[in-house]
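Colleague: Please read through the structure below; I'll follow up with questions.
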Amino acid sequence: MQRMQAFLWTLFDTVISPEFEEAAFQMFLTIFREAVGQARSEDIATTPLLAISKELDGFKAKGKLTTGLSMESIWNFARPLTASSNKRLEAVLQLQQFAKDFDNIVWRIKAPLLELVDLRKAIIQALSLAITEDLTVEPLLAVRLLL
C-alpha cells in the first residue's frame, strides 16, 4: 500500500507540474489500472484503490484534459454545496453574517470557553443544514440579541 501511495503522489506531482504532458499522465493511468487489477487478483484490500480508480476513469480518453471534457468530473467531485432556493440562500447569508458578528465579539464575551465553542459548532452545523434543508434560522439569530 505504501508503494501505491508513493505512486499516487508522483502522479499528483506530474499533474500539477508546469511541464505537464498528456502522454505521461496517460502512462500513469495505465500503470495504476494494471496495479489495481493485480491487487484485486492477489486479493489485497483494494477498496480505496477502486474508489480512486473510479474517479480516474473520467480521464481515460486522450485529450480529455486539454479539451475540458474531464472538467465535469473534477467539478462534480470538488464543487461546494450551494443553496438550491432563495429561502435557503437567505438563511445562509443571515447565518454567515451572524458568524462574522460572532467572530468580531467572541473575545469580549464573558462566558466559559466551552460554551463559546459549543455556540460556534452550532453556527457551523446550522450553516451546513441551511444549504441543504429549509431551515428556520431565527431562533439561532435571536442569540445575537443576547450577545
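Colleague: For the residues L50, L127, what sequence is obtained by ranking on other C-beta atoms within 10 Å, fewest first?
Modeller: L50, L127
Colleague: Another question, if that's okay. For E138 and A78, FRET efficiency with R0 = 25 Å and r from the beta-carbon atoms, rounded to 0.05?
Modeller: 0.15
Rule-based calculations on the coordinates, nothing more; no lab input. This one's a predicted model, so the numbers in the text were calculated from it and none came from an experiment. Here the Cβ is made from the backbone with ideal geometry for all residues, glycine too, and neighbour counts use every protein chain on show.
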